[in-house]
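Encoded as structure tokens, the structure appears first; notes follow it.
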Amino acid sequence: MGKRQKDLIERAKDAALKVLLHNAHGPYRGLPRTAGWGYPEPYTRDIMVSALGILTTQNKKLIRSLGRCLEALARSQSRLGHIPSLAHDRYDRGASDCTPLFLLATAAFRQATGEADFLCQAVQKAMVWMEYQSPSDIVLVGQLPTSDWRDEQWVVGYGLFVNTVVYAYLKMFGQDKRASLLREMMGHFTINAERQHRHVHEGLVLRRKPYYALWSYKVYGSERFDLLGNSLAILSGIAAPSRARSIIKWIETECEGLRRSEELAVELPPNFFPYINSGDPDWMPRYSKYNQPGEYHNGGIWPFVCGFYIAALVAAGRQPLAEKKLAALAALVRPARAHDVEFGFNEWCRAQDGTPQGEDWQTWSAAMFLYAAACVEQKSTPFFDRIRDSTATAE
């Protein structure tokens with residue numbers, strides 16, 4: 001990595017910290033903002049994802065702000081244990097990922113602060129809620145469409161992303177038996193026959209492809225690629241080292257093809273591909289307005305997701321590639337869409353030209369840049385190294 005790239009990364013780190021400090025106190029009960037301007041609310045999933053980066057900064061103000069948000073979520077938790085989508089609004093419910101992300105963030109907070117009993121009652125209630133989310137009553141978690149972070153994309157049944165988060169928090173809370181069962185279930189092949197035989201359980205492994213399916217349920221599923229879910233599968237150790245290397249090789253090869261066909265303009269992978277095009281079986285009418293190919297959840301480039309990918313590269317031992325992608329991410333987060341700032345840390349960028357299209361100064365864009373930078377610098381992945389080590393020991 002050259003001096004210019006190193007300088008850019010350092011400047012981006014300084015700017016990211018300023019974004020997080022700016023967003024640490026918002027207008028809703030003093031809870032952190034989701035973005036500097038466009039999203040003043042404390043959206044649960046954004047802040048919970050951001051916890052990974054916030055905790056690596058060791059900044060006391062940011063950690064206190066995160067703690068207040070976790071406590072607010074515990075107060076807003078439903079009677080049955082469900083965590084709402086907004087930290088200040090107990091009635092904004094229905095998300096499939098907010099409860100598992102709350103558990104993941106709380107476990108990380110405990111590790112970073114040493115507060116081993118932090119929010120014990122809320123954690124226990126959330127654990128019970130998650131057990132009831134398994135349609136098969138085993139351990140794989142199901143979800144309704146548009147209920148995870150992709151509010152414009154259909155993920156139905158057993159989604160990869162949510163189940164990787166469940167695996168991670170189970171390991172972090174020492175529930176190794178349930179975690180091992182979940183990993184085993186995810187390791188089953190998806191079912192591509194016309195009918196499902198009794199006692200044959202579907203999984204998320206694809207035949208003839210190295211990565212995990214976006215989702216599967218009974219005889220249905222999607223083989224499109226989910227960068228966030230597969231990055232978490234690598235980070236958490238769900239993917240064995242050999243599979244992790246194969247997934248990364250596949251990603252880089254496919255992205256090179258996207259660049260040759262002018263469907264990708266930068267050195268970072270889209271969050272999802274192949275893109276869904278009009279006329280495809282999984283195209284939805286709303287996509288023509290909200291989810292065009294190469295945009296938003298249909299292949300947009302999300303800096304926070306790229307942060308997870310860089311961490312996954314470190315976890316897989318691809319240090320030089322991780323350094324290269326971190327430099328590319330530092331360049332990607334510079335442009336702003338609507339504000340005069342040195343680093344925009346925008347929400348998402350269009351794949352075909354790399355231009356920012358979402359809200360500037362997004363909390364999780366800044367936080368996951370800092371997490372990715374910490375992984376590259378330390379040549380380790382905070383919070384996830386322990387999970388992978390325990391997974392490898394159990395094999």
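The values are calculated or read from the model by the stated rules, or taken from the named source; none is laboratory data. Fair warning: this is a prediction, and the values are worked out from it, not measured in the lab. With ideal geometry, Cβ positions are generated from the backbone for all residues, glycine too; neighbour counts draw on all protein chains shown.
For G229, state whether it is under 24 Å from R386 (Cα atoms), in contact with a Leu (Cβ under 8 Å, 6 or more places away or on another chain) and touching a residue at least 12 places away in the same chain (Cβ under 8 Å). Considered against the rule, which asks whether it is under 24 Å from R386 (Cα atoms), in contact with a Leu (Cβ under 8 Å, 6 or more places away or on another chain) and touching a residue at least 12 places away in the same chain (Cβ under 8 Å), G229 comes out as yes. The single condition among (1) among the small types (G, A, S); (2) farther than 30 Å from V128 by Cβ; (3) touching a Ser or Thr at 6+ places or on another chain (Cβ under 9 Å); (4) outside any loop (DSSP other than H, G, I, E, B) that G26 does not meet is (4).
In this entry, K379 passes the filter for residues that are more than 14 Å from G53 (Cα to Cα), of a type outside the set (G, A, S) and in contact (Cβ under 8 Å) with a residue 24 or more places away in the chain. Applying the set (1) part of a loop (DSSP other than H, G, I, E, B); (2) in contact (Cβ under 8 Å) with a residue 12 or more places away in the chain; (3) not hydroxyl-bearing (S, T, Y) to K324 leaves exactly one unmet item: (1). Take the residues in the stretch 212-252 that are under 25 Å from D176 (Cβ atoms) and assigned to a strand (DSSP E or B); name whichever of them is modelled with the highest pLDDT. Looking at the filtered set, the residue picked out is Y212.
For the stretch 11-22, the criterion of being part of a loop (DSSP other than H, G, I, E, B) and surrounded by 15 or more Cβ atoms within 10 Å (Cβ to Cβ) is met by none of the residues. Taking residues in the stretch 100-125 that are without any contact (Cβ under 8 Å) to a residue 12 or more places away in the chain and under 18 Å from R64 (Cβ atoms), and partners anywhere that are in a helix (DSSP H, G or I) and among the small types (G, A, S), the pairs with Cβ atoms closer than 9 Å and at least 6 places apart or on different chains are E115/G67. If you go through the stretch 264-291 and keep only what is without any contact (Cβ under 8 Å) to a residue 12 or more places away in the chain and touching a Ser or Thr at 6+ places or on another chain (Cβ under 9 Å), you end up with S278, S288.
Can you pull out the residues in the stretch 168-182 that are over 22 Å from E115 (Cα atoms), out of contact with any Phe, Trp or Tyr (no Cβ under 7 Å at 6 or more places or on another chain) and either buried (at least 24 other Cβ atoms within 10 Å of the Cβ) or among the basic types (K, R) (or both)? Walk me through it before giving the result.
At the first step, the residues of the stretch 168-182 found to be over 22 Å from E115 (Cα atoms) are 177-182.
Next, from what is left, pick out any that are out of contact with any Phe, Trp or Tyr (no Cβ under 7 Å at 6 or more places or on another chain): 177-178, 180-181.
If the condition is that a residue be over 22 Å from E115 (Cα atoms), out of contact with any Phe, Trp or Tyr (no Cβ under 7 Å at 6 or more places or on another chain) and either buried (at least 24 other Cβ atoms within 10 Å of the Cβ) or among the basic types (K, R) (or both), then K177, R178 are the ones that fit.
In the stretch 23-77, how many residues are among the aromatic types (F, W, Y), crowded, with 21+ Cβ neighbours inside 10 Å and over 22 Å from the mean Cα position of the chain (by Cα)? Explain how you work it out, then say what you get.
Initial filter on the stretch 23-77 (among the aromatic types (F, W, Y)): 28, 37, 39, 43.
After this cut, where a residue has to be crowded, with 21+ Cβ neighbours inside 10 Å as well, the list is 43.
Then drop every residue that is not over 22 Å from the mean Cα position of the chain (by Cα), which leaves none.
Count: 0.
Checked against the criterion of being in contact with a strand residue (DSSP E or B) (Cβ under 8 Å, 6 or more places away or on another chain), crowded, with 18+ Cβ neighbours inside 10 Å and closer than 24 Å to I47 by Cα, the stretch 185-206 contains not a single residue that satisfies it. Scanning the stretch 348-363 for residues that are outside any loop (DSSP other than H, G, I, E, B) and of a type outside the set (V, I, T), we see that the one that is surrounded by the fewest Cβ atoms within 10 Å (Cβ to Cβ) is P356.
From F343, F369, grab the single residue that is outside any helix (DSSP H, G or I), within 23 Å of D46 (Cα to Cα) and in contact (Cβ under 8 Å) with a residue 40 or more places away in the chain.
Of the residues listed, the single one that is outside any helix (DSSP H, G or I), within 23 Å of D46 (Cα to Cα) and in contact (Cβ under 8 Å) with a residue 40 or more places away in the chain is F343.
Has the stretch 65-84 got at least one residue that is under 22 Å from V166 (Cβ atoms), touching a residue at least 24 places away in the same chain (Cβ under 8 Å) and touching an Asp or Glu at 6+ places or on another chain (Cβ under 6 Å)? So far as the stretch 65-84 goes, yes, one or more of its residues are under 22 Å from V166 (Cβ atoms), touching a residue at least 24 places away in the same chain (Cβ under 8 Å) and touching an Asp or Glu at 6+ places or on another chain (Cβ under 6 Å). From the list A122, A116, the one residue that fits, being touching a Lys or Arg at 6+ places or on another chain (Cβ under 9 Å) and surrounded by fewer than 15 Cβ atoms within 10 Å (Cβ to Cβ), is A116. Within the stretch 41-64, being over 22 Å from D97 (Cα atoms) and either touching an Asp or Glu at 6+ places or on another chain (Cβ under 6 Å) or among the charged types (D, E, K, R) (or both) holds for K60, K61, R64. The set of residues from the stretch 232-253 being free of Cβ contacts under 8 Å to residues at least 60 places away in the same chain, more than 17 Å from V305 (Cβ to Cβ) and either in contact with a Ser or Thr (Cβ under 8 Å, 6 or more places away or on another chain) or not small (G, A, S) (or both) comprises R243, K249, T253.
Of all the numbered requirements in (1) modelled with pLDDT under 95; (2) within 14 Å of the chain's Cα centre (by Cα); (3) of a type in the set (A, V, I, L, M, F, W, C), L160 misses one, and that requirement is (1). Only one of the numbered conditions (1) farther than 20 Å from G159 by Cα; (2) crowded, with 24+ Cβ neighbours inside 10 Å is not met by A213, and that is (1).
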